[in-house]
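Everything on this sheet refers to the single structure shown next.
Here, each number is a calculation from the coordinates, and none is a lab measurement. Remember, predicted model here, so these are calculated numbers, not experimental data.
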């Protein structure tokens, strides 16, 4: 695979009809990555991004490069964090008049506060959306990774899993695709933002089940780097080995609080 880098000006097609609209947050060694899936003159926007003008303007420019925003029939929110869905009301003004906005039921109570005018439709484990020429997206719930209302999105055509925060990472590089050092970035990100190893293991096993039943060629997280097929086993193992909830452990030591009896079930 030819190494590619984040492009502040241009959307990058990473598979047939799938476009990476990522924005670098250089001040925080971070990246926010909306994705656009286009099929037969219709489109779905996954995690539309931040409301901050310097981020929203990049995503908007990249959308315009790929498709007329009025072709966007679906906007999908995988969980409620503002860095990837606060732009919903801005896009709502320019996308298809009959756009449908989707979010996990538990996330809707928070997503509504971003100011969307349309009713937000619920997403549940096993739900599907079909658009374009039978382009099918399948949703799988990964609760508490890192929010109770979190889903991942699977594109049947390209065998891409849009993995929400799972497999996200901090990175000071501008690599579009993950390299052999990416597990370090994955560890620092998930280790900080996840508090439950059980939730992480469930999410990994849910993705492994999708891989077994449908196949996964690419993992596309909301942050960090796209993970190509040949590197997926390495990152799955890194996730299995990950220690989470470290901030709680540090504070417990500081305040002499014994949590040992709870560690096994965390």
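In µm²/s, what is D for the stretch 43-104 at 4 °C and 1.567 mPa s, where D = kT/(6 pi eta Rh) by Stokes-Einstein and Rh is the Kirkwood radius from Cα pairs? Could the numbers behind the result be given before it?
Details: Rh = 11.4 Å.
Estimated via Stokes-Einstein, D reaches 114 µm²/s.
Restricting to the chain, what percent of DSSP beta bridges are antiparallel, rounded to 5? Percent antiparallel among DSSP bridges in the chain is about 65. Every helix of 4 or more DSSP H residues in the chain counts as -39500 (n - 2.57), and over all residues that averages to -8500 deg cm²/dmol at 222 nm. Among beta bridges from DSSP that stay inside the stretch 1-136, the antiparallel ones total about 60%.
Both radii were evaluated on the Cα set of the stretch 1-94; the Rg over Rh quotient, with Rh as the Kirkwood radius, amounts to 0.94. Translational diffusion of the stretch 120-189, estimated by Stokes-Einstein from the Kirkwood radius over alpha carbon pairs at 20 °C in a medium of 1.002 mPa s, is 155 µm² per second.
With coordinates expressed along the principal axes, the C-alpha atoms belonging to the stretch 166-239 extend over 35, 28, 18 Å, beginning with the largest.
How large, in Å, is the chain by the Kirkwood hydrodynamic radius built from its alpha-carbon pairs?
After inverting the pairwise mean of 1/r, the radius is 18.7 Å.
Hydrodynamic radius of the stretch 96-245 by the Kirkwood approach over all distinct alpha-carbon pairs: 16.1 Å.
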